[in-house]
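Here's the structure, in structure tokens; my notes come after.
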Amino acid sequence: MEKTFLLNLNTDYSFKIYTSTAQLPLNWDDVAISTIFLSKKYLEVLEKSSPENMICHFIGIFEKETLVGISLSQFLNLNKLASFGERDQCIKTAVRNIVFRNFGSQVLVLGNNMLTGQNCYALSDSIDKKKAMKALYFATTELKKIFKSKGVTIHITTYKDFGEEEIKNFAIPEFENDYQFSTQPNMIFSINENWKSEQDYIDSLSKKYRDQYKRARKRATDIQKRKLNLEDIISLEDTIYELYFHVAKNAPFNTFFLPKNHFRIFKEIFKDKFLFYGYFIGEKLIGFNTLIKNGAIMDTYFLGYDDSIQREKMLYLNMLYDMIAYSINKGFNEIVFARTALEIKSSVGAKPLKMYGLIAHNNRLVNPYMSKIFKYLEPESIWQERNPFK
């Protein structure tokens, strides 16, 4: 196991890189208060059940001896994937796959490639944010050296996902050659403070979308939803993984697949903060979804379903309505629906939040053309925004 180390920079801050949650400072979670996805518990989930092609490091930023910032990095070896996604079979997809295999198969992500949203870093209130980004840049440089010493060359480095204000923190000389991009939006569902029940939400919908709600619920009358505990998840693990993998491999683009034990590990560590709902016809599990309580925010996580039943029963849409109902009933402020299935999420009331990132290639000849290459790396999604409310 690598030892942690401290490097002093030509700045007010220094950093340490950690390979294990056991090495993290005792007060790590005091800095991670902005998101559960940088907490020790979540990093332990990654440590115990990250995708096979992923290696995680944890970064601490210090002002003298005081921890003032934390960050997550994920190295992805895309050569270990059998498929980048099987839904879209076209020339552009084939070109994208060739580009990744030959020019970008080894990727260093600063942030969380498994989630949507700003889960890259958390900073104390006292920190100078631009100087913190400089420290993060040097930590990234050191990570590349660590991988290089093991015979691994990082092709692409990317920092993700930031809002309009957060991306401004990267306006420093160290990032001037990185290409700033905007990905598909994060779909955010804001819960009206006057809604106290699911019926309040239904009453706020226009007739067209109330009819959509009624139609979806009617289609699913023979489906039973059950909240699964750890023992249930373990006993159904094979079926759960089949349902997850079916959805994942048919996505337009993938950079990882979860290991089979992922949901079990998540439930073991997070207990009641991790919600797992199974959808059954009789005793047969035909779908599931997962939710994570993140302070006043409800984060949607991975799901799975039998596609033939999903279409007939409008299962995915019913899952969205169930997530909304639960979050209203439990007093959450918003739901993070992430960046897939944009139009259907829009149809239930989620709004797009534009996200930004930075990307750079290690080859100086390739990097100036990153703006042109990027359109092959990030699949374009054409969709129509809906407004379901009166």
(Q) Just to check your reading of the model, which residue among 130, 168, 134 is open to solvent by less than 60 Å² (accessible area, probe 1.4 Å) and either among the polar types (S, T, N, Q) or under 22 Å from residue 356 (Cβ atoms) (or both)? (A) 134
(Q) Please verify whether residue 309 is of a type in the set (Val, Ile, Thr) and open to solvent by less than 10 Å² (accessible area, probe 1.4 Å), treating the condition exactly as stated. (A) no
Q | Yes/no for residue 267 being surrounded by fewer than 21 Cβ atoms within 10 Å (Cβ to Cβ) and over 25 Å from residue 213 (Cβ atoms) | A | no
Q) Do we find that residue 43 is touching a residue at least 40 places away in the same chain (Cβ under 8 Å), under 20 Å from residue 118 (Cβ atoms) and among the hydrophobic types (A, V, I, L, M, F, W, C) in this structure? A) no
Q: Determine if the range 321-330 includes at least one residue that is surrounded by fewer than 18 Cβ atoms within 10 Å (Cβ to Cβ) and among the basic types (Lys, Arg).
A: yes
Q: Note down all Cβ pairs under 7 Å where the first residue falls in the range 124-152 and is closer than 14 Å to residue 13 by Cα and not assigned by the TED database to the domain that holds residue 63, the second is open to solvent by less than 30 Å² (accessible area, probe 1.4 Å) and hydrophobic (A, V, I, L, M, F, W, C), and they're at least six residues apart or on different chains.
A: none
(Q) Would you confirm whether or not the range 200-220 contains a residue that is open to solvent by less than 70 Å² (accessible area, probe 1.4 Å), acidic (Asp, Glu), closer than 21 Å to residue 278 by Cβ and in contact with a helix residue (DSSP H, G or I) (Cβ under 9 Å, 6 or more places away or on another chain)? (A) no
Q) How about the range 371-390: which of its residues are in contact with a Phe, Trp or Tyr (Cβ under 9 Å, 6 or more places away or on another chain) and either part of a helix (DSSP H, G or I) or of a type in the set (A, V, I, L, M, F, W, C) (or both)? A) 371, 373, 374, 376, 377, 389
Q: Give the residues of the range 223-259 that are under 25 Å from residue 339 (Cα atoms), part of a loop (DSSP other than H, G, I, E, B) and either assigned by the TED database to the domain that holds residue 106 or not β-branched (Val, Ile, Thr) (or both), sorted by residue number.
A: 250, 251, 252, 253, 254, 256, 257, 258, 259
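Please verify whether the range 241-249 includes one or more residues that are more than 26 Å from the chain's Cα centre (by Cα) and over 14 Å from residue 289 (Cβ atoms). I'd like the intermediate steps shown before the answer.
Kept after step one, since they are more than 26 Å from the chain's Cα centre (by Cα), are these residues of the range 241-249: none.
No, that holds for no residue.
Going by the conditions given, is residue 314 open to solvent by 20 Å² or more (accessible area, probe 1.4 Å) and more than 16 Å from residue 248 (Cβ to Cβ)? Before the answer, list the steps.
Working: open to solvent by 20 Å² or more (accessible area, probe 1.4 Å): yes; more than 16 Å from residue 248 (Cβ to Cβ): yes.
Criteria met by residue 314.
Name the single residue that is farthest from residue 140 (Cα to Cα) among those in the range 27-51 being assigned to a loop (DSSP other than H, G, I, E, B) and modelled with pLDDT of 95 or more. Reasoning before the result, please.
Filtering the range 27-51 down to residues assigned to a loop (DSSP other than H, G, I, E, B) leaves 27, 35, 39, 50-51.
Subsequent filtering for residues that are modelled with pLDDT of 95 or more retains 27, 39, 50-51.
Working: 27: 23, 39: 20, 50: 20, 51: 21 Å.
Taking the candidates together, the pick is 27.
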Q) Looking at the range 160-211, which of its residues are of a type in the set (Gly, Ala, Ser) and part of a helix (DSSP H, G or I)? A) 204
Q: Could you figure out which of (1) outside the structural domain of residue 219 (by the TED database); (2) of a type in the set (S, T, N, Q); (3) open to solvent by less than 10 Å² (accessible area, probe 1.4 Å) isn't true of residue 289?
A: (1)
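Do we have residue 298 as surrounded by 14 or more Cβ atoms within 10 Å (Cβ to Cβ) and free of Cβ contacts under 8 Å to residues at least 40 places away in the same chain here?
On the way: surrounded by 14 or more Cβ atoms within 10 Å (Cβ to Cβ): yes; free of Cβ contacts under 8 Å to residues at least 40 places away in the same chain: yes.
Here the answer is yes, as residue 298 does meet what is asked.
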Q: Could you please let me know if residue 84 is at pLDDT below 95 and either open to solvent by less than 50 Å² (accessible area, probe 1.4 Å) or not assigned by the TED database to the domain that holds residue 268 (or both)?
A: yes
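Residue under question is residue 316, and the condition is that it be of a type in the set (Phe, Trp, Tyr) and under 21 Å from the mean Cα position of the chain (by Cα); does it hold?
Values: of a type in the set (Phe, Trp, Tyr): yes; under 21 Å from the mean Cα position of the chain (by Cα): yes.
Here the answer is yes, as residue 316 does meet what is asked.
The values are calculated or read from the model by the stated rules, or taken from the named source; none is laboratory data. Since the structure is predicted, the reported quantities are computational estimates derived from the model, not experimental observations. All Cβ positions, even for glycine, are placed from backbone atoms using ideal geometry, and neighbour counts span all protein chains on display. Keep in mind that these areas ignore ligands, DNA and RNA; they rest on the heavy atoms of the full protein, side chains included. Shrake-Rupley method; radii C 1.70, N 1.55, O 1.52, S 1.80 Å.
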